[in-house]
Structures are given as C-alpha cells and as structure tokens.
Amino acid sequence: MFRHVLCSDDVMSVSFRKIILCSIGLFNRSKILRPSKEDNDDGSDDGSSLQNFLQWCDRVGLKLNHNKVYVSRKGTQADYGMLAKEDIEEGEVLFIIPRSVLLHQGTSKVSAVLEQGKELLESSSGWVPLLMALLYEYTSPESPWAPYLSLWTDFSRLDQPLFWSKEERETLLRATGVPEAVERDLANIQKEYSTVVLPFIAQHTDLWNPSIHTLQLYTRLVAFIMAYSFQEPLEEEEEKEESDEDEEEEEKASNLPMMVPMADMLNHVSNHNAHLEYTPEFLKMICVRPIRKGQEVFNTYGQMANWQLLHMYGFTEPYPSNCNETADIPMANLYKVAAQGVQSDLDRQLVEEKRALILKMGEKAAFIFGKQGCLTDMELHTTLKVLCMSREEFQEFRENEGWEEDEEADEERVSLAFSNEGLPGLPAPWKWLIHAAARLTLDSYGSAEGGCLDRDRILIEDKVQLQGLNPRHLRALQVRHGQKSILDRVLALTQH
C-alpha cells in the first residue's frame with residue numbers, strides 16, 4: 001500500500017528503481033496542499049490558520065529562528081515555504097522541534113487503545129496505527145494538534161495521481177510506472193480500510209465513527225502521510241547488521257512515519273540547502289550550505305526521480321533540474337528482444353531456461369538508468385552475460401550453480417562498463433540487447449499525450465505553451481520527458 005520504509009519491498013507499490021534511489025531519513029514532504037490565504041507585501045502571511053499555528057509553536061516549545069527565517073507563500077516554490085530573512089551560514093540551526101510535538105500513534109490521546117489493539121491493526125503497510133491516530137486527532141476539536149492540523153482544512157486539494165481519474169493517469173502517464181502503482185495503492189487502501197480499520201472502529205465507537213471516519217477521509221489521510229510524514233533514520237550500525245526476524249520487527253517499529261510540524265513547511269529540491277537532524281530530545285533543521293537573504297530554504301525528500309515525486313507528493317522538478325531522474329527498462333523487454341529471431345523450439349526453450357534461472361537468482365523486474373548510466377549495473381551485467389551464453393556455456397554455468405570464484409564480476413569495473421562512458425565499449429551482442437530493449441521501452445509510451453520524444457521536447461522548450469498547460473499535464477510532461485530523454489541517450493550510446 002503506502003511505502004513507510006522506502007527500502008522495503010513489502011509496501012507502497014513502487015518499482016526497484018525506487019529502492020536503489022532511496023535515501024532513508026531525508027523524507028520531509030511536498031507542498032501539494034495549503035490553505036488559500038493571501039500574503040502581505042512584506043512576505044508575512046495574514047492567514048489566521050498560520051498565525052494560530054505559529055502561536056501554537058511558541059506555546060509547545062517549537063523554536064523558530066525568527067532572526068533568520070520566516071514562513072510565507074510569497075517567493076516560495078509551492079504554496080507555503082520558508083524564506084531567509086538574512087544571510088544564513090552552513091551549520092546554523094533554523095528551528096528546533098521537541099519530540100513531544102511530533103504526532104504519531106505513541107503521542108496521540110488514543111495511544112493506549114492503539115497499543116492494546118496493535119495486533120488487530122497489523123497490515124503490510126504498518127501505517128494503520130498512525131492513520132487511526134490521525135482520524136481521531138483530525139476530527140477532535142480538543143486535539144492538542146488542532147492548530148497544526150487546521151492548516152489543512154480541505155484535503156480535496158491533495159493532487160497526487162491517486163486523485164486523478166483513471167483516464168488521466170493512463171493517458172498522461174502511460175509507461176511511466178505511475179498508473180500501475182496507483183491502481184495497486186487504491187486496491188490496498190480499500191482492502192485495508194474494510195478488513196482492518198472498520199472492524200477496529202466497530203469495537204471502539206466511543207472514539208471513532210464510520211459515518212465520520214469514512215473511506216474517503218481515510219484515503220485523504222493516506223495521501224497526507226505520503227506527502228508530509230517523516231521517517232527517522234535507523235542508526236548506521238542497525239542498517240548494516242544482519243537481523244533476525246525479531247530484530248527486523250523492532251527496526252520496522254522504530255522507523256514508522258510520523259508527522260513533524262514546521263519541518264513539513266519546507267519544500268524540496270534535489271540540490272537542497274537544509275537537512276533534518278535527529279537527537280534523543282529534539283529534531284533540528286540545519287543549514288547545509290549558505291543561503292542568501294530572500295532565498296528559499298529547501299529540505300530534501302531523498303534521491304527521488306520525478307515519477308516518484310509525482311506519485312508520492314504530487315509535484316515534479318522542472319526539466320532538467322532533477323539530477324535524480326531515472327528511466328526503467330523492464331526485464332520483460334530484454335527477454336522479448338532476446339527471443340526475437342529465434343528459429344527453433346529448442347532455441348526458444350533455451351531462452352526460457354535462461355530467463356527462469358535469472359529470476360531464480362533474484363534479479364529484479366526492471367533495470368534502472370539514471371543520467372550517468374545504469375544504476376542496477378550488477379543485475380544488468382549478470383542478465384546480459386547469461387542471455388548471451390552459448391548452449392554449452394549455459395549448461396556448464398547451471399551445473400556449477402553460478403560463476404567460478406575467479407569469474408565473479410568486480411563491482412567497480414562493472415559500474416564503469418555500464419556508465420555513459422562505458423556503454424559504447426560493451427560487447428556488440430550486449431549493446432544490441434540493451435539498444436533494442438530501450439527502443440521497445442521508448443515505443444511503449446505510445447502516441448497519445450505521451451507521444452514521441454520530439455513532441456514532448458518541443459513542448460517543454462516552448463515557455464509560452466508550458467505556461468498555458470493544465471498543472472497535471474505539466475507535471476506528467478516533466479515525468480515523461482525526463483524518462484524518455486534518458487532512454488534516448490541509452491539508444492545513442494548503444495548504437496551499433
């Protein structure tokens with residue numbers, strides 16, 4: 001369903017490229033939803049919701065560096081953001097958040113009930129306890145977080161593809177991976193609500209009401225968590241350790257999402273200038289490179305391609321500024337290409353046997369290419385080597401149950417071979433397979449809105465047309481064009 005730990009395959013329907021690109025602990029969320037208030041000319045916001053929130057911050061001990069930063073809707077990338085009042089130097093603290101201010105299932109008024117019923121609230125996402133807490137706190141006038149949650153008075157302004165029509169997703173985002181991810185999300189949200197949430201509500205009608213805490217509100221809160229929650233990074237030692245099942249469960253529990261007031265005001269760019277640090281008592285937003293007076297303060301949500309930003313947060317970085325852009329070449333396309341021109345049933349059987357062995361070895365469903373080359377180089381290297389084996393070589397490989405020790409691939413050498421600099425020098429059969437699979441992938445974007453690369457390139461370079469695009473069309477264009485540009489570069493580098 002939703003992805004509470006981006007490096008885990010059991011939640012949030014996303015492909016392997018997201019796992020490669022994730023950066024745990026850097027997940028603040030986008031500004032896809034804000035109250036519609038006007039700013040004063042001096043950059044301050046006269047909206048009562050924001051003023052109430054800032055006053056609440058003072059009361060609960062959330063310390064904003066008022067001499068250096070302020071929250072505004074003017075001069076920011078998207079709705080609310082944070083701007084520099086004065087020059088800020090690297091290492092300066094922008095604000096400090098006491099842990100008591102964080103909103104999650106352990107701090108909510110219903111925490112005891114959620115703890116008692118934790119076995120009933122188990123799900124693949126691990127998010128149900130937080131969602132139950134949010135359902136309660138968001139609809140409770142007495143909630144200690146009411147001034148914070150009142151910033152979001154109308155969740156209908158959330159605009160992740162989760163809320164687009166199916167036709168819009170399939171037309172504008174064809175072949176990007178987003179439509180399939182959203183369909184799985186929607187199915188899992190409905191299943192989780194009906195099989196986990198509703199039965200729990202039925203046992204606690206004094207706290208929740210199915211006529212108020214509906215599937216629609218639940219879905220909006222899922223999107224809210226996707227777009228605004230944070231995950232505390234695990235200790236480096238914990239990440240590297242080989243854990244048994246009990247340790248894995250403990251890590252999962254300690255890395256659940258939480259709502260972090262003020263930190264979620266910051267917008268994202270890949271070239272960010274601030275970073276959230278965690279201590280036992282506080283969370284601190286620290287400047288990581290100089291920020292000049294009037295510039296926006298940006299956190300980072302991790303190393304995320306535009307399709308990921310759109311899927312989870314509802315926005316994209318303008319082309320070509322997202323240095324983390326990626327494109328997938330599905331493994332299925334590589335198999336299709338490998339099977340082309342096969343004449344005999346015996347040869348077709350050999351391709352299938354190779355495919356089955358590769359899958360058994362645990363290779364993933366897609367190969368990820370970034371701006372500098374293949375990010376899943378070891379997986380691609382293994383797949384190409386097996387697919388290009390002769391019948392005799394494959395038989396020997398299978399009998400030996402893998403490579404001989406002295407034939408194991410050197411990671412540094414493989415990484416260089418599958419970089420943009422190394423791709424032209426690959427063996428001809430390997431280049432042909434990559435080239436043909438990239439062509440097949442590029443063709444899958446179709447001739448609808450996605451169309452050919454040239455059409456999107458012309459559109460993205462026409463500033464007048466860009467300004468007139470519907471926001472959803474513009475974001476989809478950024479996703480499509482970024483992916484297709486990478487595939488086009490792969491084609492050029494593997495031309496033979």
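Output the relative contact order of segment 253-388, whole-number percent, from Cα pairs under 8 angstrom with separation of 6+ residues. This gives 18 percent for segment 253-388.
Taking K and R as +1 and D and E as -1, what net charge do the other residues with C-beta under 9 Å from the C-beta of Lys109 add up to? Walk me through the intermediate numbers first.
Working: positive: none; negative: Glu137, Glu142.
So the environment of Lys109 carries a net charge of -2.
Distance from the C-alpha centroid of segment 167-190 to that of segment 421-442: 29 Å, rounded to the whole angstrom. Only lysine pairs 8 or more places apart, or on different chains, with alpha-carbon atoms under 17 angstrom apart are counted in segment 42-200, and they number 4.
Lys and Arg at +1, Asp and Glu at -1: add these up for the other residues within a Cβ distance under 13 Å of Asp443 and post the number.
Numbers: positive: Arg174, Lys336, Arg439, Lys484; negative: Asp488.
Taking every Cβ under 13 Å from that of Asp443, the sum is +3.
By average Cβ neighbour count within 10 Å, what is the ranking of 53-65, 303-315 from highest down?
On the way: 53-65: 16.5, 303-315: 26.2.
Top to bottom by mean Cβ count within 10 Å: 303-315, 53-65.
If only the Cβ of Lys and Arg carry +1 and only the Cβ of Asp and Glu carry -1, the dipole of segment 282-407 around its Cα centre is close to 1140 debye.
Under the combined filter of DSSP loop state and at most 10 neighbouring Cβ atoms within 10 Å, segment 111-209 retains these GluC sites (Glu not before Pro): Glu119, Glu142.
Across the options Phe155, Leu114, Tyr70, the greatest Cα extent toward the positive end of the charge dipole of segment 63-168 (unit charges at beta carbon of Lys, Arg, Asp, Glu) belongs to Tyr70.
One chain, two ends: Ser124 and Gln216. Fully extended at 0.36 nm per residue, the span grows by 31.1 nm beyond their Cα-Cα distance.
In a simple Cβ point-charge model (Lys, Arg +1; Asp, Glu -1; nothing else charged), segment 82-227 has a dipole of about 460 debye relative to its Cα centre. The GluC sites (Glu not before Pro) of segment 353-435 that meet both conditions, a loop assignment by DSSP and at most 15 other Cβ atoms within 10 Å of the site Cβ, are Glu401, Glu404, Glu408, Glu421. Estimated from the Cβ-Cβ distance and a Förster radius of 25 angstrom, the FRET efficiency linking Arg99 and Ser140 is about 0.70.
FYI, it's all coordinate maths here, none of it is from the lab. In this text the structure is predicted, and so the values were computed from the model without any measurement. Neighbour counts run over all protein chains shown; Cβ positions are idealised from the backbone, glycine included.
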